[in-house]
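Novice: Take this structure, written in structure tokens, and hold onto it; I'll ask about it next.
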């Protein structure tokens, strides 16, 4: 059975432990290594590998320290170059080329973000469970069958963003409009996440984790309620 433990989620840092009972993985390492150790109760020797989606600091901050601890970091060539990661512990992966870590077979796929070679991950274990991980993307071009667990960004609501712009002072409004333009081309909205669920096979999905919620442009209870109503799955929100 897949167990998911968020260590941090949001613009200040992202890190998640995913364990299928045999192989434990760290997805993202965007907080300090000392925080990762503390939040895993110093059981980091059990981590078989670390997947990094892209080179923004809130996703790869501790990558060098993770490698110093003897844990391989798996990321695209574009991420490795942009983050300055080098050495034998950096395992370069590419979209649509599967690889294995312990009991997991992982298929990286392209996502849409404002960096070089960002990736999402489709992860299948030996029990046949399928976990999808997608963050920092405004769109997922692929369709998936038989998913059992989903970890997906739900950063903002278009309605809340518009509401905040209207309510802002004339001095602040241009900054919010500029920020809105970047959001639309780099992060997943509630509205687009709902469209993703409607376009995919959700018949086996047991659990959905909503990741990377914005402090200013999200509503945790609203997002959880709407996604639960749409999918019928258990919906959890990763701690910020």
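Novice: Starting from residues that are surrounded by fewer than 15 Cβ atoms within 10 Å (Cβ to Cβ) and assigned to a helix (DSSP H, G or I), keep the ones in region 180-194 and report whichever is modelled with the highest pLDDT.
Specialist: 191
Novice: Could you check region 203-221 and list, in sequence order, the residues that are under 19 Å from residue 161 (Cβ atoms), at pLDDT 95 or above and in contact with a helix residue (DSSP H, G or I) (Cβ under 9 Å, 6 or more places away or on another chain)?
Specialist: 210
Novice: Still on this structure: Evaluate the following for residue 133: is it in a loop (DSSP other than H, G, I, E, B) and under 17 Å from residue 98 (Cα atoms)?
Specialist: No, not satisfied.
Novice: I've got another one for you. Evaluate the following for residue 114: is it within 18 Å of the chain's Cα centre (by Cα), part of a loop (DSSP other than H, G, I, E, B), surrounded by 22 or more Cβ atoms within 10 Å (Cβ to Cβ) and modelled with pLDDT under 95?
Specialist: So residue 114 fails the test.
Novice: Among the residues of region 30-47, is any modelled with pLDDT of 95 or more and closer than 15 Å to residue 133 by Cβ?
Specialist: Taking every residue of region 30-47 in turn, at least one turns out to be modelled with pLDDT of 95 or more and closer than 15 Å to residue 133 by Cβ.
Novice: Among the residues in region 162-174, are any modelled with pLDDT of 85 or more, outside any loop (DSSP other than H, G, I, E, B) and out of contact with any helix residue (DSSP H, G or I) (no Cβ under 6 Å at 6 or more places or on another chain)?
Specialist: Checked against the condition, which is being modelled with pLDDT of 85 or more, outside any loop (DSSP other than H, G, I, E, B) and out of contact with any helix residue (DSSP H, G or I) (no Cβ under 6 Å at 6 or more places or on another chain), region 162-174 yields no hits at all.
Novice: Which of the residues spanning region 136-153 are buried (at least 21 other Cβ atoms within 10 Å of the Cβ) and farther than 21 Å from residue 204 by Cα?
Specialist: Within region 136-153, 136, 137 qualify.
Novice: Moving on. Within region 102-109, is even one residue in contact with a helix residue (DSSP H, G or I) (Cβ under 9 Å, 6 or more places away or on another chain), within 21 Å of residue 24 (Cβ to Cβ) and surrounded by fewer than 16 Cβ atoms within 10 Å (Cβ to Cβ)?
Specialist: No, every residue in region 102-109 fails to be in contact with a helix residue (DSSP H, G or I) (Cβ under 9 Å, 6 or more places away or on another chain), within 21 Å of residue 24 (Cβ to Cβ) and surrounded by fewer than 16 Cβ atoms within 10 Å (Cβ to Cβ).
Novice: Kindly establish whether residue 132 is closer than 23 Å to residue 49 by Cα and without any contact (Cβ under 8 Å) to a residue 24 or more places away in the chain.
Specialist: Against the criterion (closer than 23 Å to residue 49 by Cα and without any contact (Cβ under 8 Å) to a residue 24 or more places away in the chain), residue 132 qualifies.
Novice: Taking only pairs six or more apart or across chains, which ones have beta-carbon atoms under 8 Å, a first residue in region 179-207 that is at positive phi, and a second residue that is buried (at least 16 other Cβ atoms within 10 Å of the Cβ) and at pLDDT 95 or above?
Specialist: Qualifying pairs under 8 Å: none.
The values are calculated or read from the model by the stated rules, or taken from the named source; none is laboratory data. Keep in mind it's a predicted model, so treat the numbers as computed, not measured. Cβ coordinates were reconstructed from backbone atoms using ideal geometry, including for glycine residues, and neighbour counts include every protein chain displayed.
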